[in-house]
1. Residues to consider are Leu130, Leu99, Leu103; find the one that is at pLDDT below 90, farther than 24 Å from Phe19 by Cα and touching a Gly at 6+ places or on another chain (Cβ under 9 Å).
2. Checking Gly200 against (1) in contact with an Asp or Glu (Cβ under 7 Å, 6 or more places away or on another chain); (2) crowded, with 16+ Cβ neighbours inside 10 Å; (3) within 21 Å of Ala137 (Cβ to Cβ): exactly one of these is not met. Which one?
3. Ile119 passes all but one of (1) closer than 26 Å to Leu214 by Cβ; (2) aliphatic (A, V, I, L, M); (3) touching a Pro at 6+ places or on another chain (Cβ under 6 Å); which number fails?
4. With the structure loaded, tell me whether Val65 is more than 11 Å from the chain's Cα centre (by Cα), at positive phi and in contact (Cβ under 8 Å) with a residue 40 or more places away in the chain or whether it fails that test.
5. If we scan region 13-25, do we find a residue that is surrounded by fewer than 16 Cβ atoms within 10 Å (Cβ to Cβ), touching a Pro at 6+ places or on another chain (Cβ under 9 Å) and outside any strand (DSSP E or B)?
6. If I go through region 155-172 residue by residue, how many of them are in contact with a His (Cβ under 7 Å, 6 or more places away or on another chain) and farther than 16 Å from Ala230 by Cβ?
7. With respect to Gln111, determine if the residue is surrounded by fewer than 18 Cβ atoms within 10 Å (Cβ to Cβ) and either part of a loop (DSSP other than H, G, I, E, B) or touching a residue at least 24 places away in the same chain (Cβ under 8 Å) (or both).
8. Is there a residue in region 25-36 that is under 30 Å from Pro209 (Cβ atoms) and in contact with a Lys or Arg (Cβ under 9 Å, 6 or more places away or on another chain)?
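The values are calculated or read from the model by the stated rules, or taken from the named source; none is laboratory data. Nothing here was measured: the structure is a model prediction, and the numbers come from that model. Virtual Cβ from ideal backbone geometry, glycine too; neighbours counted across all protein chains shown.
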Amino acid sequence: MVSIFLRSLVFNVLFYIVFVVLAIVALPTFLMPIGALKSIVGLWANTTQFLMRVICNIKVEFRGVGKIPQGPLVLVVKHQSFWETFALVPLLEHPIFILKRQLMRIPVFGQFLVKFGMIGIDRTAGVKALLEMTRRARSAVLSGRQLVIFPEGTRRPPGAPADYKTGFAQIYSACGVPCLPVALNSGLFWPRRTFMRYPGTLVVEFLDPLPPGLPKDEFIPRVRDTIEEATARLVEAGRREQEQLIGAAPSYVGAKG
């Protein structure tokens, strides 16, 4: 466990050094097309993946990448870690995320989010926020972007009960494009609210896309059940691997809420 602690410490120091360096390198992209900033984010994602592998013994596996449709798309992604908020960018043609508006107020970093066209949502604004979010999401998707939604609204630890909000269904309906469910087990290796990083194989699995136009009462349970069943399978496999690597699963595994 001491080794994991030290590896985690080294990884986090290097992760934030890389982040600061790339943020400085990216400053000229404020005056350039958005593709330039996407390239920097892709470099950040790939460098982080390299550091995860060589320092923390975390391998990353993307499954079902060939299932990602071309063109406008809504991706509904399980959210367990900070990692997937940037690691999916290199896999998508022209992605855009829905995120907390507070993140867009962070100096410099928030300006990069604005430049990228991210959609910030004020969770305290209720129905008004949902309507504005839906309008902006539809506009972005119709312009050809791939919209990434975390349907539970916040990170959930592995094993926590599903808590899907209904807003993602309204956005799907308004956009009129296919939906791609995405399962993962990132919370086992890059858990929330701790700097610890645990070894094993982090898996992201792109599932079968759903056609546009499904009624809400069919769409929500279909997406939820598809993602949760796949996530449970990936988490269970990840737990078994961690038990082999470090003798026992970390204490956060299976934590509720």
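1. After applying the criteria, what remains is Leu130.
2. Tallying (1) in contact with an Asp or Glu (Cβ under 7 Å, 6 or more places away or on another chain); (2) crowded, with 16+ Cβ neighbours inside 10 Å; (3) within 21 Å of Ala137 (Cβ to Cβ), Gly200 fails exactly one: (3).
3. (3)
4. No; evaluated as a whole, the condition is false for this residue.
5. The answer is no, given that none of the residues of region 13-25 is surrounded by fewer than 16 Cβ atoms within 10 Å (Cβ to Cβ), touching a Pro at 6+ places or on another chain (Cβ under 9 Å) and outside any strand (DSSP E or B).
6. The number of residues fulfilling the criteria is 1.
7. yes
8. The answer is yes, given that some residue of region 25-36 is under 30 Å from Pro209 (Cβ atoms) and in contact with a Lys or Arg (Cβ under 9 Å, 6 or more places away or on another chain).
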